[in-house]
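Single-structure report; data block below.
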Amino acid sequence: MTSQHLIISAAQWLAAYWEALKHEFINEFKIENIGEEIRHAILPWKEIFTVGGNEFLITDAIIVTWIAVIPSVLFWIWVASKRERIPSGRQLIGETLVDLFLSLCKSSGLNQKQAEQVAPMIGSICFFLISCNLVSIFKISPPAKNIAFPIALALFTIVYVIFTAIRFVGFKGFWGSLIYPTSIMLPFKIIDYIIKPMSLALRLFGNVFGAFILMEFLHLIIPVVVPGVFGLWFDLADGILQAVIFMYLTVLYIGEIVEGAHAAHEQKLAKIQPGA
């Protein structure tokens, strides 16, 4: 093959390449049925597997949730793998985060011992949620887009809150927090424990779902540059923020019970010893 034939072949290949690139570029900006595209993105993937005669439903939220656990676990393994008397690097990062969690617990009404027991759980919840929310950066549907995920996490959290508070103040202390400052408050406090998990679930679902829809819309109508700029907030910052808020409210709920139990105990002592 002569050099002239090579030049012609290269020119033909280049012309075909630019034609294909132009075609793909036009298709990228071509707006078709936006509603159908967003509907397709919203609907969860699900599949039923049969094992031993039993059917198991697997959804994209379940798969992504298990995948999201991996980076949070690896992060803490990486942080804790190096220990020195004078902290530096990864150890300094880990100790700083632990101090932040302990400070948050103590500012919510817990003492040092209680804070040390609660901090590992709230830290795990926080980093787990961050991992789950940040998968949207890679165009993967976050688990919180499925309403079942926030509801399950909120129910688990409120059970943990009540169990932990009872462990700290006992059943009498927990009961005292329900009827403080007067027994008339009992039905309202019970309703409050129904509203709290609903609030946790709907707040997480609403923010993550809304951000997901907005980013899908931007990717459809303006697929270049703009989604990346907005993604810095809706995919990155907002995902971290929602995890921090969820963690903060969890600690706050425990602190409310502990402080209420102590206040009820002091009120009872004041009635028994009015002159004290």
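The values are calculated or read from the model by the stated rules, or taken from the named source; none is laboratory data. Remember, predicted model here, so these are calculated numbers, not experimental data. Glycine gets a Cβ as well: all are built from the backbone with ideal geometry, and neighbour counts include every protein chain shown.
Evaluate the following for TRP66: is it farther than 26 Å from ALA148 by Cβ and either modelled with pLDDT of 80 or more or aromatic (Phe, Trp, Tyr) (or both)? Give the steps one after another, and end with the answer.
Details: farther than 26 Å from ALA148 by Cβ: no; either modelled with pLDDT of 80 or more or aromatic (Phe, Trp, Tyr) (or both): yes.
So TRP66 does not fit the description; no.
If I ask for residues that are in contact (Cβ under 8 Å) with a residue 24 or more places away in the chain and more than 13 Å from PHE246 (Cβ to Cβ), which ones from segment 156-166 would you list?
Initially, segment 156-166 is screened for residues in contact (Cβ under 8 Å) with a residue 24 or more places away in the chain, giving 157-158, 160-162, 164-165.
Passing the criteria: ILE162, THR164, ALA165.
Can you go through ILE77, ILE140, ILE86, ILE125 and tell me which one is over 21 Å from LYS196 (Cα atoms), of a type in the set (Val, Ile, Thr) and assigned to a helix (DSSP H, G or I)?
Values: ILE140 fails: assigned to a helix (DSSP H, G or I); ILE86 fails: assigned to a helix (DSSP H, G or I); ILE125 fails: over 21 Å from LYS196 (Cα atoms).
After applying the criteria, what remains is ILE77.
How about segment 143-158: which of its residues are part of a helix (DSSP H, G or I) and in contact with a helix residue (DSSP H, G or I) (Cβ under 8 Å, 6 or more places away or on another chain)?
Going through segment 143-158, the residues part of a helix (DSSP H, G or I) turn out to be 143-145, 148-158.
Within segment 143-158, PRO143, ALA144, LYS145, ALA148, PHE149, PRO150, ILE151, LEU153, ALA154, LEU155, THR157, ILE158 meet the criteria.
Give the residues of segment 75-104 that are under 18 Å from PHE128 (Cα atoms), modelled with pLDDT under 85 and hydrophobic (A, V, I, L, M, F, W, C), sorted by residue number.
Those that are under 18 Å from PHE128 (Cα atoms), modelled with pLDDT under 85 and hydrophobic (A, V, I, L, M, F, W, C): PHE75, TRP76, ILE77, TRP78, VAL79, ALA80, ILE93.
Among all residue pairs at least 6 apart or on different chains, which show Cβ distances below 6 Å where the first residue, located in segment 205-225, is of a type outside the set (Val, Ile, Thr) and the second is surrounded by fewer than 19 Cβ atoms within 10 Å (Cβ to Cβ) and modelled with pLDDT under 80?
What qualifies is GLU216/ILE38; GLU216/ALA41; LEU218/VAL226; LEU218/PHE230; LEU220/ILE34; LEU220/GLU37; PRO223/GLU28.
Pull up segment 141-161, narrow it to residues that are over 14 Å from the mean Cα position of the chain (by Cα), of a type outside the set (Ser, Thr, Tyr) and buried (at least 16 other Cβ atoms within 10 Å of the Cβ), then point me to the one that is nearest to ALA115 (Cα to Cα).
VAL161
Looking only at segment 175-208, how many residues end up being surrounded by 18 or more Cβ atoms within 10 Å (Cβ to Cβ) and more than 12 Å from TYR253 (Cα to Cα)?
So the answer is 8.
What pairs come out if I take residues in segment 104-129 that are on the phi < 0 side of the Ramachandran plot and pair them with residues that are crowded, with 18+ Cβ neighbours inside 10 Å and outside any helix (DSSP H, G or I) whose C-beta lies under 8 Å away, six or more apart or interchain?
VAL118/LEU110
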